[in-house]
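The values are calculated or read from the model by the stated rules, or taken from the named source; none is laboratory data. The shown structure was predicted, so the numbers you read here are calculated from the model rather than taken from an experiment. Cβ: placed from backbone, ideal geometry, glycine included. Neighbour counts: every protein chain shown.
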């Protein structure tokens, strides 16, 4: 888009001639390399170059040929770039525009009838057709790579696309003018800044609408995406009118999406509670739902391309959660808390709780506190013992040891929903487990999250003996520590305790009936 704006702006200033086509060509590739030459920019640069060079060689430019040539060239240079989300999105978006935009535009022009003679309506139809055509092929890519589908992106584009193009041109002209007359450039920079603020405000307003994004962390969402594509494919070959080929599957898809969101909400309201160990790679993030109350224990992970805050935020939103009522930090190591600033961007967190004795060995606390202040999140320090109640969720918090490092001073949390109990010990060592057992009478534990990601230093025989009816979950991912350790796995096998692992099964969800 930026490259198209750049060339269009240059043509507007200098006209469309061979001399200025060569100048535009040089500026296009200067722009590509200034942008860091990502696959999407290189793709755009190649396609724009073929468009600019075609008249010079008295040839006709074919957009699909240009797109195919760009893809072949990129894969020839680096075949592994085929796995890049940026490359996949860029090519799918452009292919969608080339294949479907004109057809969709013609359909909407017929649909609006006489209203389509107005210039404003024509602009809206053009943006709408382009946005929807982009989504046709890009939805699977965003669903796979980001577990997310932007349902209201066409609305955002209608609101801001005019401002984006104008903001880009004013900004470009301001920068060029600043090289000659800096004082004059300021006058252009002011309206460009106002437009940029409008774009961000409009995007934020649309994204705050409930279900503006559909998160495909749940099986229901995946089935909806597959069903929608199959429905459109079916109607493509059915002998019905062109209008019905679009209207019927679109209507069915929209209604089924509304039903999907309603069923998701009803599912979590129907059960007493849900315990989930979210797959954040080598780290820990555990949630508990009951009614409209949401508890989160830790949010961090390492050795992963995805931030734990992104993963947890998408998962919670896919479950219809509107906020986190309490976020408990077992301790302050990065693999347990480094996703919190990102999580706060996804949904509001009412309160963060951590131990007053927790050492900040990984220097994570300042970032968490700054993010909490930005989002008006309450931060509470607790002592050795504490309790909390969130609707039907009850918590007993304890720090068994009174000295040591961050792992030694982990907060133990016993979370209960009715008669179902979950015990989380963070990275606490066996000595802390023994002290905890000596000072507390445990109810029958249904779910035990293995300490320290299955390390041999945690989840000792005494703890396993005290939880004979528990299911154990090990929250782990790719790591260089040897987690989970063979000793821990052998101990679990010796006690005949069922074991699940996030590195093997992904996010694990346990429903309390």
Quick test of your reading of the structure: residue 112 fulfils all but one of (1) out of contact with any strand residue (DSSP E or B) (no Cβ under 9 Å at 6 or more places or on another chain); (2) under 30 Å from residue 305 (Cβ atoms). Name the failing condition by number.
(2)
Could you count how many residues in the stretch 282-306 are farther than 23 Å from residue 395 by Cβ and modelled with pLDDT under 95?
4
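Table: residues versus (1) in contact (Cβ under 8 Å) with a residue 40 or more places away in the chain; (2) more than 30 Å from residue 355 (Cβ to Cβ).
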position: 244; (1), (2): no, yes
position: 251; (1), (2): no, yes
position: 262; (1), (2): no, yes
position: 265; (1), (2): yes, yes
position: 275; (1), (2): yes, no
position: 325; (1), (2): yes, no
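Quickly run through the stretch 491-504 and pick out the residues that are under 31 Å from the mean Cα position of the chain (by Cα) and in contact (Cβ under 8 Å) with a residue 24 or more places away in the chain.
In the first step, residues of the stretch 491-504 are kept if they are under 31 Å from the mean Cα position of the chain (by Cα); the result is 499-504.
Listed by number, the residues that qualify are 499, 500, 501, 502, 503.
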Could you run through the stretch 28-39 and say how many residues are over 28 Å from the mean Cα position of the chain (by Cα) and surrounded by 14 or more Cβ atoms within 10 Å (Cβ to Cβ)?
3
Among 125, 149, which is crowded, with 19+ Cβ neighbours inside 10 Å and assigned to a helix (DSSP H, G or I)?
125
Hey, among 195, 200, 234, which residue is part of a helix (DSSP H, G or I), surrounded by 15 or more Cβ atoms within 10 Å (Cβ to Cβ) and either under 20 Å from the mean Cα position of the chain (by Cα) or at pLDDT 85 or above (or both)?
195
In the stretch 349-375, anything touching a residue at least 12 places away in the same chain (Cβ under 8 Å), surrounded by fewer than 19 Cβ atoms within 10 Å (Cβ to Cβ) and part of a loop (DSSP other than H, G, I, E, B) is listed as 350, 356, 359, 360, 361, 362, 375
Residue check, residue 418 against (1) in contact (Cβ under 8 Å) with a residue 24 or more places away in the chain; (2) surrounded by 15 or more Cβ atoms within 10 Å (Cβ to Cβ), all met but one. Which one?
(2)
Would you confirm whether or not the stretch 78-85 contains a residue that is under 30 Å from residue 243 (Cα atoms) and either out of contact with any strand residue (DSSP E or B) (no Cβ under 8 Å at 6 or more places or on another chain) or assigned by TED's automatic domain parsing to the domain that holds residue 243 (or both)?
no
Over the stretch 259-284, the set of residues surrounded by 18 or more Cβ atoms within 10 Å (Cβ to Cβ) and assigned to a loop (DSSP other than H, G, I, E, B) is 278, 279, 280, 281
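Report the residue count in the stretch 277-288 for those that are in contact (Cβ under 8 Å) with a residue 40 or more places away in the chain and under 17 Å from residue 347 (Cβ atoms). Show your work before the answer.
The first filter runs over the stretch 277-288 and keeps only residues in contact (Cβ under 8 Å) with a residue 40 or more places away in the chain, leaving 277-286, 288.
Pick out the ones that are also under 17 Å from residue 347 (Cβ atoms) and you get 278, 280, 285-286, 288.
The number of residues fulfilling the criteria is 5.
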Close pairs from the stretch 180-198: first farther than 22 Å from residue 164 by Cα, partner surrounded by fewer than 12 Cβ atoms within 10 Å (Cβ to Cβ) and at pLDDT below 95, Cβ under 7 Å, at least 6 apart:
none
Candidate set: the stretch 288-316, residues that are surrounded by fewer than 23 Cβ atoms within 10 Å (Cβ to Cβ) and assigned to a strand (DSSP E or B); chosen: the one nearest to the chain's Cα centre (by Cα):
302
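For the structure I just gave you, tell me whether residue 458 is part of a strand (DSSP E or B) and in contact (Cβ under 8 Å) with a residue 24 or more places away in the chain.
On the way: part of a strand (DSSP E or B): no; in contact (Cβ under 8 Å) with a residue 24 or more places away in the chain: yes.
Against the criterion (part of a strand (DSSP E or B) and in contact (Cβ under 8 Å) with a residue 24 or more places away in the chain), residue 458 does not qualify.
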With the checklist (1) buried (at least 23 other Cβ atoms within 10 Å of the Cβ); (2) modelled with pLDDT of 95 or more in hand, flag the one item residue 380 doesn't pass.
(1)
